[in-house]
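The values are calculated or read from the model by the stated rules, or taken from the named source; none is laboratory data. Treat the numbers as computed from the prediction; the structure is a model and nothing was measured. Please note: Cβ atoms are built from the backbone with ideal geometry, for glycine as well, and neighbour counts cover all protein chains shown.
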Amino acid sequence: MKIKILYTHERVKHPVLSTVILKTGVPLNILEASISPSRGELVVDVPASGDQLKAVIEALKAEGVEVRELGPTIEVDEEKCVLCGACVSPCPTGAITLTMERLEIDEQLCIRCKACVIACPFKALSMASTSWEA
Amino acid sequence: MEARGAETLRTYEEINEKIKRGDAVVMRADEFVEYAKRYGVEKAAKDVDVVTTGTFGAMCSSGAFINFGHTEPPIKMWRCWLNDVPAYKGLAAVDVYLGATAVSETRGIEYGGGHVIEDLVSGREVELRAEGWPTDCYPRQYVETVITLEEVNQAVLVNPRNAYQRYAAATNSTDRILYTYMGTLLPRYGNVMYSGSGELNPLTKDPGYETIGIGTRIFLGGGIGYVIGEGTQHNPKAGMGTLMVRGDLKQMNAKYLRGATIHRYGSTLYVGVGIPIPLINRRVAETAATPDEEIYTEILDYGVPSRSRPIVRRVSYAELKSGRVEVKGETVRASSMSSLPRALEIAETLKRRIEEGEFTLTRPAELLPTVREFKPLEVKRYEPRVKDVMTKRVISAKPADDVKTVARLIVEHGVDHIPIVRSDGRLVGIVTSWDLARALAEGKQTLSEVMTTKVIVAKPEEAVDVVARRLLQYKISGMPVVDEEYRVLGIVTTDDLAKLVKGRRGAP
Ligand code: SF4
Ligand code: SF4
């Protein structure tokens, strides 16, 4: 599960993630980070589900940060996709599979590196927006 | 032996009779492969009249001739743009050739000739801009308007080279990502990219070109097209035949004709081509039955920027299509630049059109040549190589030398780069004046503490512009020149290159 964590300026200095990792024992993995003196924004992969996932989210909220669950990272425009495969083997984690009918992206494996977006000759792939406003 | 193209099993007339009656037996190439495996080629050849093939991939040597019609007053266009993409104007007044790889003067490779062709075929308006060469008969100087495919007189796709019989696959030995026309190649043999549809590939199914030649009616971009001869770089000996084709753009469909942009390479056109192979004799039936397991190509190392890239290994399309390929002892992912699902769809569409009597076969007026030399272009002008411009007197140091001694060398000789070599002359590292400044500041003593051990090098025979590009790529100002054993022969720096440019232009 990928989540986005929004820090407000009071929490920027606190070691939020480490606290949560210690508390829940779930090794959170930071995929994207942008932190400024006034606010911070992290995209984090939580390798957990069910109650454990809930516990992580609760623990984060207890630290005073905002948490949002993220939808699919990479979106496929099926009108544009010609099912070639130019995006498949360049994916460093093997998250993309091409079948005769469609392109499948495994959210669990995706590390948001955008290699596939760059590799597609038809601009059929885009990365879902994760900006502050999203 | 019977002649090439001998119609010993069935003639074109017989096949077309059956198509008209609606009882021709047509199979897609993949179906025919299975059928022949099951019942043997003998029976398959008897039972089946036509095998359909298909491919859908990037075909850079594509483009369209367009005739716009005359304006009032008329113009003799000598420069012309369609959606800001320049079209070739070395033709009559209002004829142009729009090439697939031409790029927009405002948007760059993001939008090219291939995209204009797709826009036209999709029925979208395209902006036409042209400058005239005013004459007594063509007084107009400039025109700006919009056109649609329907409005122009002719729009004919004429592609000098399409439908490669097979294509070499690509991998990358270097330690950085390469962006090539074969797509994204991950470092250290991280993946394999290939192209072509293997057992569905048109020319692969008739490698003796017994049924394909000038006048062969084909599926092209969704409409009807014709082979008009061998394609450029047609290379039968290497199993890399090609086709020159033409077809009326007005009949085509954007599903099978797509503009594309390959990252850091350029724009191109994906073209759908399907060819019916009539099983006129036993040999044709046999080749048409060749399975992916028996269709081979080579994996080349695109990390070597040379005309003759080293072959990493031979590989079958069966292995490529499995998505996993073994390279240098490791299994890596393989994927395709061309679309296999769409190739299959083309073969299927062509099959249906034949079955329904909409598409009949033609006997070629002349078969494709089976002998043709594919020659390289030799550069006959003097071209500087690294060995011609490098500085041969190299100031070097040993790994055990201390930092101060080397700092003195740099000052004394006014150089920026000191290769570090072992006693046998082999390169082990490099230090620059910047490394030394830092070392002194941080109180480091020996060179082995400060030198860079992953040295970017040049070879003496490399062309100067290739090396200049490498300097830029790694943002460095010089590199040692080494032989095969990594012995230092010289050093080539941006200064050496600057001197060369000065010399070439004859500037003061
Ligand atoms: S963003 Fe990177 S990891 Fe995710 S699917 Fe694309 S290439 Fe794979
Ligand atoms: S590279 Fe683009 S067009 Fe090709 S399969 Fe991937 S998303 Fe589809």
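Out of A:LYS114, A:LYS123, I need the residue that is within 14 Å of chain B (Cβ to nearest Cβ) and either under 12 Å from the mean Cα position of the chain (by Cα) or within 7 Å of ligand 1 (Cβ to nearest atom) (or both). Which one?
Details: A:LYS123 fails: either under 12 Å from the mean Cα position of the chain (by Cα) or within 7 Å of ligand 1 (Cβ to nearest atom) (or both).
Within the list A:LYS114, A:LYS123, the selection yields A:LYS114.
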Sort out which residues of segment B:187-236 are farther than 22 Å from B:ILE346 by Cα, within 13 Å of chain A (Cβ to nearest Cβ), in a loop (DSSP other than H, G, I, E, B) and in contact (Cβ under 8 Å) with a residue 24 or more places away in the chain, and write them in order of number.
B:TYR189, B:GLY190
Within segment B:312-323, identify whether any single residue is part of a strand (DSSP E or B), touching a strand residue (DSSP E or B) at 6+ places or on another chain (Cβ under 7 Å), under 24 Å from B:LEU186 (Cα atoms) and among the charged types (D, E, K, R), and answer yes or no.
yes
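Taking segment A:55-95 only, how many residues are within 11 Å of ligand 2 (Cβ to nearest atom) and of a type in the set (Lys, Arg)? Don't jump to the end; show me each part of the working.
Within segment A:55-95, the subset within 11 Å of ligand 2 (Cβ to nearest atom) is A:74-91.
Checking the rest, the ones that are also of a type in the set (Lys, Arg) come to A:80.
Count: 1.
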Here are B:THR453, B:THR432: which of them is within 22 Å of B:LEU489 (Cα to Cα), at pLDDT below 90 and surrounded by 13 or more Cβ atoms within 10 Å (Cβ to Cβ)?
B:THR432
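Looking only at segment A:37-51, filter to residues that are surrounded by 14 or more Cβ atoms within 10 Å (Cβ to Cβ) and not in a strand (DSSP E or B); which one of those is farthest from ligand 2 (Cβ to nearest atom)? Give the steps one after another, and end with the answer.
Step one: list which residues in segment A:37-51 are surrounded by 14 or more Cβ atoms within 10 Å (Cβ to Cβ), which gives A:39-46, A:48.
Then drop every residue that is not not in a strand (DSSP E or B), which leaves A:39, A:46, A:48.
Working: A:ARG39: 34, A:VAL46: 27, A:ALA48: 30 Å.
Per the stated criteria, the residue is A:ARG39.
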Whichever residue in segment A:86-111 is more than 10 Å from chain B (Cβ to nearest Cβ) and near ligand 1 (Cβ under 6 Å from one of its atoms) and, among such residues, is nearest to A:LEU31 (Cα to Cα):
A:ILE111
Within segment A:102-111, take every residue that is more than 9 Å from ligand 2 (Cβ to nearest atom) and of a type in the set (A, V, I, L, M) and give me the one that is farthest from the chain's Cα centre (by Cα).
A:ILE105
When the residues of segment B:330-346 are narrowed to those that are over 16 Å from B:GLU298 (Cα atoms) and in a loop (DSSP other than H, G, I, E, B), which ends up nearest to the other protein chains (Cβ to nearest Cβ)?
B:SER339
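Could you check segment B:243-288 for strands (runs of 3 or more DSSP E) lying wholly inside it with 2 or more residues that are within 26 Å of the chain's Cα centre (by Cα) and within 14 Å of chain A (Cβ to nearest Cβ)? Can you show your working first?
Values: elements: B:243-248, B:257-262, B:266-274, B:276-278.
Qualifying strands (runs of 3 or more DSSP E): B:257-262, B:266-274.
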Could you check B:THR331 against (1) surrounded by fewer than 15 Cβ atoms within 10 Å (Cβ to Cβ); (2) modelled with pLDDT under 95 and say which number it fails?
(2)
Output the residues belonging to segment B:16-34 that are touching a helix residue (DSSP H, G or I) at 6+ places or on another chain (Cβ under 9 Å) and either touching a residue at least 24 places away in the same chain (Cβ under 8 Å) or of a type in the set (A, V, I, L, M) (or both).
B:ILE19, B:GLY22, B:ALA24, B:VAL25, B:VAL26, B:MET27, B:ARG28, B:ALA29, B:ASP30, B:PHE32, B:VAL33
State yes or no: is B:ALA407 free of Cβ contacts under 8 Å to residues at least 12 places away in the same chain, more than 24 Å from B:GLU485 (Cβ to Cβ) and part of a helix (DSSP H, G or I)?
no
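In segment B:357-392, what count of residues is obtained for those that are under 30 Å from B:PRO276 (Cβ atoms) and in a loop (DSSP other than H, G, I, E, B)?
Looking only at segment B:357-392, we keep the residues that are under 30 Å from B:PRO276 (Cβ atoms), and these are B:357-374.
Retained after the next criterion (residues that are in a loop (DSSP other than H, G, I, E, B)): B:357-365, B:368-374.
Final tally of qualifying residues: 16.
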Which is surrounded by fewer than 24 Cβ atoms within 10 Å (Cβ to Cβ) and touching a helix residue (DSSP H, G or I) at 6+ places or on another chain (Cβ under 7 Å), of B:LEU120, B:LEU149?
B:LEU149
Counting only residues that are under 23 Å from A:GLN108 (Cβ atoms) and of a type in the set (Ser, Thr, Tyr), segment A:1-60 contains a total of 2
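Quick one: which residue in B:THR360, B:THR370 is under 23 Å from B:THR290 (Cα atoms), hydroxyl-bearing (Ser, Thr, Tyr) and away from chain A (no Cβ under 14 Å)? So that I can check it myself, show each step before the final result.
Values: B:THR360 fails: under 23 Å from B:THR290 (Cα atoms).
Just one listed residue meets the conditions, B:THR370.
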